[in-house]
1. Helix 162-171 versus the longest principal axis of the chain: what angle, 0 to 90°, nearest 10, using Cα atoms?
2. What does the charge add up to near residue 167, with Lys and Arg as +1, Asp and Glu as -1, over the other residues with Cβ less than 14 Å from its Cβ?
3. Enter the angle in degrees (range 0 to 90, nearest 10) between the Cα long axis of helix 192-206 and the first principal axis of the Cα atoms of the chain, meaning the one along which they spread out most.
4. Based on the alpha-carbon gyration tensor of the stretch 9-101 and its eigenvalue square roots a ≥ b ≥ c, which shape applies: rounded if a/c is under 1.5, prolate if not and a/b is larger than b/c, or oblate?
5. Packing-wise, with mean Cβ within 10 Å as the measure, how do 216-223, 152-159 rank, highest first?
6. Would you please name the GluC sites (Glu not before Pro) within the stretch 124-195 that are DSSP coil residues with at most 15 other C-beta atoms within 10 Å of their C-beta?
7. Could you identify which residue out of 181, 78, 215 has the top mean-square fluctuation in a GNM of the chain using Cα springs shorter than 10 Å?
8. Can you tell me the equivalent ellipsoid semi-axes for the stretch 134-233? Use √(5λ) from the Cα gyration tensor, largest first, whole Å.
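No value in this document is a laboratory result; all are computed from the given coordinates. All values reported here derive from a predicted model rather than from experimental measurement. Ideal geometry is used to build each Cβ from the backbone, glycine not excepted, and the neighbour counts take in all protein chains shown.
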Amino acid sequence: MGYLVPMKILDMCPDERPREKMRLRGAKALSNAELLAILLGSGTEGRNVMDVAQELMVSAKGRLSLLGAMPLERLVTHKGVGEARAIGIAAALELGRRAFEEASVIDKRSVTSPQLVYQLMLPTLKNLDHEECWVLFLNKANYIIGREMITSGSMDHTPLDIGRILKKAIEKQCCHLILVHNHPSGSPLPGQADIFQTDLLRKALGAVGITLTDHIIVAEGSFYSFSEERVGK
């Protein structure tokens with residue numbers, strides 16, 4: 001009976017090796033697994049780097065968003081992925097997410113509806129296993145002039161740092177502000193704490209001449225808009 005010997009990366013045709021393929025055809029020609037293989041750099045005993053990269057993608061159901069949300073403790077359980085490589089993967093995916101956010105902020109569309117805010121923030125907030133509180137800073141024409149995460153919390157709570165929000169809003173000289181946070185539970189409905197803190201923030205901003213245009217709660221596949229529901233009006 002014969003044994004199947006794993007193919008080494010050097011045994012592949014030059015145009016099939018991830019680095020050479022990227023050099024010849026550009027990054028867009030590579031699959032997610034091939035790009036991941038370049039990040040990993042090398043394989044491990046008995047497995048080439050593509051085997052390790054493909055296993056990682058399978059564990060994330062083929063989705064980079066799930067891979068990016070995977071904790072380091074889980075990444076390092078994969079053979080061939082130590083702590084240094086896990087940190088490198090997490091850093092690269094976070095850079096990609098931030099690049100996407102920067103590109104979105106440059107978009108000069110006027111923010112005129114909760115649906116637009118939901119579409120803008122969903123890539124950032126979906127698949128998270130904890131709540132995050134974000135703020136969109138708008139100028140007089142409702143263009144986004146800044147976007148920033150203010151706090152990060154637990155599965156069912158994140159504190160609202162009103163003082164920090166005020167400081168950032170004044171620094172950016174914004175006229176309007178939209179508060180956004182996620183509900184990992186899947187329900188976008190606000191709790192009493194959400195309603196109470198939103199009212200406190202609205203009053204604090206109003207005292208310095210800044211309008212809280214909306215507070216939007218993002219869930220998987222749905223959202224809740226305080227302005228649409230006229231909460232606190």
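1. 90 degrees
2. The answer is 0.
3. Result, in degrees: 70.
4. Values: a/c = 2.01, a/b = 1.21, b/c = 1.66.
Verdict is oblate for the stretch 9-101.
5. 216-223, 152-159
6. Answer by residue number: there is no such site.
7. The residue that fluctuates most here is 78.
8. Numbers: eigenvalues 91, 39, 36 Å².
Equivalent-ellipsoid dimensions as semi-axes: 21, 14, 13 Å.
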